Amino acid sequence: MEKFADEALIEVSSGSGGNGCVAFRREKFVPLGGPSGGDGGRGGDVVFEVRRNLRTLAHLRYVHSFKAENGRDGSGRERNGRNGGDITIPLPPGTVLKDPATGELLRDFGAGEGTFVFLKGGSGGWGNVHFKSSVNQAPRRALPGKPGEYRKLKVELRIMADVGLVGFPNAGKSSLLDKFTNARPKIAPYPFTTKIPNLGVLTLGSSRDSRDIVIADIPGLIEGAAGGAGLGIRFLKHISRAAALVFLIDLSEPFAQSIQSAQSEQSGQSGTDAFEVLYRELESFSPELVKKKRLICGSKLDLEGSTAALERLKEKYPGEKVLGISVFSGAGLRELAAELALLTEAE
């Protein structure tokens with residue numbers, strides 16, 4: 001299976017502050033020059049930076065430990081130690097940070113760019129020059145630098161997409177993405193061709209007034225996916241941010257027969273519709289997913305018997321928006337694009 005880096009466990013540490021210095025002026029003609037110890041430098045911070053040119057967490061696959069530089073110690077002649085350098089960890093948009101032990105969400109970076117200081121470096125200690133007073137002209141006291149902070153983190157990527165394609169293996173999701181967008185996913189006439197999420201951009205409107213819709217194609221689901229069966233469950237989190245979902249249903253007769261056969265063997269019921277199976281799996285994974293705006297899209301409308309299957313689908317779900325398309329002939333693609341524009345409009 002292709003590796004798609006969407007999770008990583010890392011350790012991050014900010015730098016410790018440098019120690020303050022105990023020193024005294026020793027110059028000719030200045031026999032009692034007084035204290036001259038400088039302060040320690042501040043430790044470096046741990047900084048996360050969102051970069052739009054990143055798409056996965058592959059850069060965290062082999063490097064798991066990140067430590068900022070410690071501050072340098074102060075020295076005589078009131079010279080302060082140099083501040084430690086920050087450590088900057090780049091992340092793709094849509095990344096979240098979690099506590100690996102409790103699962104607590106620590107930070108959600110969403111779609112915006114920018115930097116975030118996660119751990120502050122320790123402050124530097126004072127040198128003995130700060131402790132001079134009228135009663136203590138030669139203090140031999142300085143403060144140590146404060147230690148840095150340490151955290152273990154689970155880094156998780158959730159792809160930023162406007163529309164998520166949901167369907168069984170070989171339902172035509174990758175073909176639709178290839179036809180609609182600039183993405184070029186692997187396409188083959190057998191199930192489970194897609195093993196990693198694919199993203200594509202559908203551009204609508206004229207060049208002066210264009211609008212982009214980001215579409216995500218995740219590996220196909222099978223019944224029992226919410227319990228861990230198949231590949232698709234691992235990637236369902238990638239459509240958690242999508243504004244809308246498209247349930248892609250294969251209208252061809254061989255697919256309909258295989259679904260009925262599988263349902264008859266597994267649950268003793270025949271004729272269970274593919275949409276119902278997909279809906280249940282999404283609801284089992286996260287009830288929030290099925291609350292999203294959606295439409296049902298019957299695919300492979302160019303094949304024999306598919307037109308009648310589309311009509312049955314519309315009759316069974318009168319409360320749902322049901323469309324039919326053929327990637328091969330182009331039928332229904334313009335109507336689907338218009339519906340996606342409506343589904344993803346900002347409210």
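The values are calculated or read from the model by the stated rules, or taken from the named source; none is laboratory data. Predicted model only: the values in this text are computed from it and were never measured. Positions of Cβ are generated from backbone atoms using ideal geometry, with glycine treated the same way; all protein chains shown enter the neighbour counts.
Quick grid of which residues meet (1) aromatic (Phe, Trp, Tyr); (2) modelled with pLDDT of 85 or more; (3) in a loop (DSSP other than H, G, I, E, B); (4) not assigned by TED's automatic domain parsing to the domain that holds Ala5:
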position	(1), (2), (3), (4)
His238	no, no, no, yes
Ile249	no, yes, no, yes
Gln263	no, no, no, yes
Tyr279	yes, yes, no, yes
Glu283	no, yes, no, yes
Gly298	no, yes, no, yes
Thr307	no, yes, no, yes
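Any residue at all in the range 316-325 that's free of Cβ contacts under 8 Å to residues at least 12 places away in the same chain, farther than 20 Å from Leu202 by Cα, assigned to a loop (DSSP other than H, G, I, E, B) and among the small types (Gly, Ala, Ser)? Yes, the range 316-325 contains a residue that is free of Cβ contacts under 8 Å to residues at least 12 places away in the same chain, farther than 20 Å from Leu202 by Cα, assigned to a loop (DSSP other than H, G, I, E, B) and among the small types (Gly, Ala, Ser).
Condition check ((1) more than 25 Å from Ala242 (Cα to Cα); (2) crowded, with 17+ Cβ neighbours inside 10 Å; (3) not small (Gly, Ala, Ser)) across all residues:
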{"site": "Asn80", "(1), (2), (3)": "yes, yes, yes"}
{"site": "Pro93", "(1), (2), (3)": "no, yes, yes"}
{"site": "Ala101", "(1), (2), (3)": "yes, no, no"}
{"site": "Glu104", "(1), (2), (3)": "no, no, yes"}
{"site": "Leu119", "(1), (2), (3)": "yes, yes, yes"}
{"site": "Gly122", "(1), (2), (3)": "yes, yes, no"}
{"site": "Val135", "(1), (2), (3)": "yes, no, yes"}
{"site": "Val155", "(1), (2), (3)": "no, yes, yes"}
{"site": "Gly164", "(1), (2), (3)": "no, yes, no"}
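Per the conditions (1) closer than 15 Å to Ile249 by Cβ; (2) under 28 Å from the mean Cα position of the chain (by Cα); (3) touching a residue at least 60 places away in the same chain (Cβ under 8 Å), the sole criterion not satisfied by Ala341 is (1). Going by what's in this entry, would Val129 be described as within 30 Å of Arg82 (Cα to Cα), modelled with pLDDT of 90 or more, within 21 Å of the chain's Cα centre (by Cα) and of a type in the set (A, V, I, L, M, F, W, C)? The answer is no for Val129. Suppose the filter is in the same structural domain as Ala142 (by TED's automatic domain parsing), among the hydroxyl-bearing types (Ser, Thr, Tyr), in contact (Cβ under 8 Å) with a residue 40 or more places away in the chain and within 23 Å of Ala242 (Cβ to Cβ); does Thr115 pass it? Considered against the rule, which asks whether it is in the same structural domain as Ala142 (by TED's automatic domain parsing), among the hydroxyl-bearing types (Ser, Thr, Tyr), in contact (Cβ under 8 Å) with a residue 40 or more places away in the chain and within 23 Å of Ala242 (Cβ to Cβ), Thr115 comes out as no.
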